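Contents: one structure, followed by commentary.
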Amino acid sequence: MWYEILPSAVIICAGVGLPGWGLYHIHNLVLGNHYRRTLLERWDRQLYQRDMRLTGNPYKVIGLEAIPDDPKKK
């Protein structure tokens with residue numbers, strides 16, 4: 001019957017979903033945030049440095065209000 005596939009489907013879904021769910025919480029314990037930023041690409045390193053320069057915390061979500069209007073005045 002069709003319900004005989006359910007145990008296999010649960011095992012496969014758990015095998016695919018649990019590592020991502022676990023990393024979300026492990027990053028919170030180790031890094032202090034839920035997301036890990038990779039610095040493998042040059043663009044990612046530039047964004048990391050920009051966020052560090054503007055807010056002092058590269059993981060803080062900012063908007064345009066954090067960027068000064070006058071480049072001479074900070």
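The values are calculated or read from the model by the stated rules, or taken from the named source; none is laboratory data. In this text, all values refer to a predicted model and were calculated from it rather than measured experimentally. Glycine also receives a Cβ, built like all others from the backbone with ideal geometry; neighbour counts cover every protein chain displayed.
Within region 1-58, work out how many residues are among the polar types (S, T, N, Q) and not in a loop (DSSP other than H, G, I, E, B).
Here the count works out to 5.
The number of residues in region 39-56 being within 23 Å of residue 69 (Cβ to Cβ) and either of a type in the set (D, E, K, R) or under 14 Å from the mean Cα position of the chain (by Cα) (or both) comes to 4. Which residue is nearest to residue 20 (Cα to Cα), if the candidates are limited to region 35-63 and must be surrounded by 11 or more Cβ atoms within 10 Å (Cβ to Cβ) and charged (D, E, K, R)? Filtering first and then ranking leaves 36.
Of the numbered criteria (1) over 25 Å from the mean Cα position of the chain (by Cα); (2) surrounded by 10 or more Cβ atoms within 10 Å (Cβ to Cβ); (3) at pLDDT below 85, the one residue 70 fails is (2).
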